[in-house]
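Below is one structure; the comments refer to it alone.
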Amino acid sequence: METRPPNNTRSYVKLLLHYAKPYWRQYVALSAMLLGSIGLSLISPQITRRFIDLAQAKAELRLLVYAALAYFAIGMIVRAMDVVVAYLGTNLGFTTTNRLREDLAGHLLALDMEFQNSHTPGEMIERIDGDVTSLTNFFSQFAVRLVGALLTIVGVVVVLFAADWRVGLVMGTFAFGSLGLITYLGRYAVDESEEERQVSAELFGFVEERLAGLEEIRANGAGQYTMRRLFEIGRRWYERSTHAWKRRSNLWLFMMGFWGLASVISLSLGIVGYLQGTFTIGMVFMLQSYSMMLGDPIERISHQVQDLQKALAAISRVRSLFALQPTITNGHGALLPAGALPVQFDDVVFHYDDGDPDEPVLQHVSFALEPGTTLGLLGRTGSGKTTLTRLLFRLWDPKAGTVRLAGQELPSLNLEQLRKRVGMVTQEVQLFEASVRDNLTFFDESIPDERVAAVVRDLGMGDWLDSLDNGLDTVLPPGGGGLSAGEQQLLAFGRVFLQDPGLVVLDEPSSRLDPATEQRLERAMDRLLQGRTGIIIAHRLSTVQRVDEIMIMDAGAIQEHGRRADLVADHNSRFHQLLTTGLEEAFA
């Protein structure tokens, strides 16, 4: 179960500094631009006051023009600085959060299959992209703008005190009182924002899962049920989002009312001063300009706090994902040798974490395969065939016993190297909306095009490759649309050829094919297994005609294992009886 790590300011700052530190020069430039803009903005009301007082005193036109030009120049410079600040902030936001997305995606991909199976891809996409997007402003401008707003407030209050202590006292009290209130209410809507993010992830997960199963939904008339469930989850998302928005907005509404009262008092003091003859009209305008100027940073801080509430919720969820650690740890043992790999299972017991330990999926499984041997793995659905092969990839580790490749225990091997030396072709081939080349090489640019094309032709797909407008650069449609099941399987074989593993696992790759395509695939299978150790999970006896050994599993245990020729010759063997009776349905 996913647990929340303890939340504290230090942990948040640590996370932010980790991703912001490499870009400190950009942050310095952003700060300089922002502070320069603030300084020039503080000068503008002084120029306005000077202009009004000169106009009232009927001063020379030349002085009025100078004042107007100065005001115009400062305004243009401030606007230019604002553009630069916006550009730098946006660039920093996307740069830092993209690094966070990359690290978070890599971390999630490394988590155990128990986690992967309990979360939909749509939910994970929303966790990686949606939650991190909520941090864009937090990374890019939160700290700089918060400091800038505070400096603006301090600067304005100092200027107001210098102009008139009464106005400075009133506006300073309101300003710093507002900041204290904002700080106190800073986490007012964090929990609600976190709930909003969670239900958003659930909504994305639901939509992704239903789109993936669209054919089944249509074929079985489940459209109305799906729409009803979508409505229910959408309503829950709307309710949580509205509730969180209201909680965040309450702070802003309160602050605007609070600040409106302060502005009225400031203006009243200015009017009284003018009526008493202590203030000029320019002075009143300047005081009111500064008072109004205080409202902008206060409003920005209140908006930043709303962003902070969403960001804190997102940071909490991001940290909870980073806190999850895989039980499949990376080993640093000796490298696996080149060529075919020997396989050894010693008294292996396995059950899934949510399964019954008293009824394991694999029960004391022991066998060995010599290098270059091909094993046909037979058994009913649920007999443990697929689980056995998944242990070879360390998608799971056995609860007891040992699995070895080339004499090395799997936990001692580097995971990346292990999975390069073990190849797999499954019934369901996943093709990407990418070029033929990228689909075959898994985006490995180090593999030359000549080698990729040679593999495609060796698989008997040369005519298909020649028919493509852009050859290896032709982009395949999503899911391999336009390709037959046989062509998809052959491309999957091509991936394994390019990987050049020492052990190949084939999970009944010909089960969905017509006889003619199956023969074509079997020829490719022979090529693929040549010089390699192979394990073929079979549901049809015809699939294991060429294997060296047969293993029949039942209820997680090995029922029979031996050389195929010996089992065929032994009339008492289970395999001989299956061949004699042709009971292929025994493995359905």
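All of the numbers you see were taken from the coordinates with simple rules; none came from a lab. Since this is a predicted model, take the numbers as computed values, not measurements. Cβ sites come from the backbone with ideal geometry, for glycine too, and all protein chains shown count toward neighbours.
Here are some notes:
- Projected area, mean over directions - the chain, Cα convex hull, nm²: 36.8
- On Cα atoms only, tilt of 190-212 relative to the major axis of the chain in degrees: 40
- Placing unit charges on the Cβ atoms only, positive for Lys and Arg and negative for Asp and Glu, gives the range 9-323 a dipole magnitude near 900 debye about its Cα centre.
- Ordered by the count of other Cβ atoms within 10 Å of each Cβ, fewest first, L61, L410, L483 give L61, L483, L410.
- Evaluated at q = 0.11, 0.14, 0.19 Å⁻¹, the base-10 log of the normalised Debye intensity for the range 20-142, with identical point scatterers placed on the Cα atoms, takes the values -0.59, -0.74, -0.98.
- Going by neighbour counts of Cβ atoms within 10 Å, the residues Y238, Y27 line up, fewest first, as Y238, Y27.
- Taken one residue at a time, the phi angles of the range 419-428 give Karplus couplings (6.51, -1.76, 1.60, θ = phi - 60°) of 6, 7, 8, 10, x, 9, 10, 9, 5, 9 Hz. Gly and Pro are set to x.
- Positive-end residue, the range 374-422 charge dipole about Cα centroid, Cβ charges, pick of G407, G384, W396: G384
- Excluding exposed DSSP-loop trypsin sites (Lys or Arg not before Pro) (at most 16 other C-beta within 10 Å), longest clean stretch of the chain: 188-379
- In the chain, lysine pairs with alpha-carbon atoms under 22 angstrom apart (chain gap of 8 or more, or interchain): 4
- In order along the range 16-33, phi translates into HN-Hα couplings of 5, 5, 4, 8, 8, 4, x, 10, 4, 5, 5, 5, 5, 4, 4, 5, 4, 5 Hz, rounded to whole numbers, per the Karplus curve 6.51 cos²θ - 1.76 cosθ + 1.60 with θ = phi - 60° and x for Gly and Pro.
- Long-range tail of P(r) for the range 519-588 (Cα pairs > 16 Å, %): 51
- Sorting V475, V207, V85 by the number of Cβ atoms found within 10 Å of their own Cβ, with the fewest placed first, yields V475, V207, V85.
- One compactness figure for the range 373-416 is 1.27, namely its Cα radius of gyration divided by 2.2 N^0.38 Å.
- Rounded to the nearest 20 debye, dipole of the range 410-486 from Cβ charges on Lys, Arg, Asp, Glu: 440
- Of the GluC sites (Glu not before Pro) in the range 408-480, the ones in a loop by DSSP (not H, G, I, E or B) with at most 12 other beta carbons within 10 Å are E428, E445.
- Based on Cα contacts under 8 Å between residues 6+ apart, the range 9-323 shows a relative contact order of 28 percent.
- The spacing between the range 225-247 and the range 9-81, judged by their C-alpha centroids, is 44 Å.
- 37 °C / 0.692 mPa s Stokes-Einstein diffusion coefficient of the range 9-323, Kirkwood radius on C-alpha pairs, µm²/s: 144
- The chain: antiparallel DSSP beta bridges as a percent of all, rounded to 5: 50
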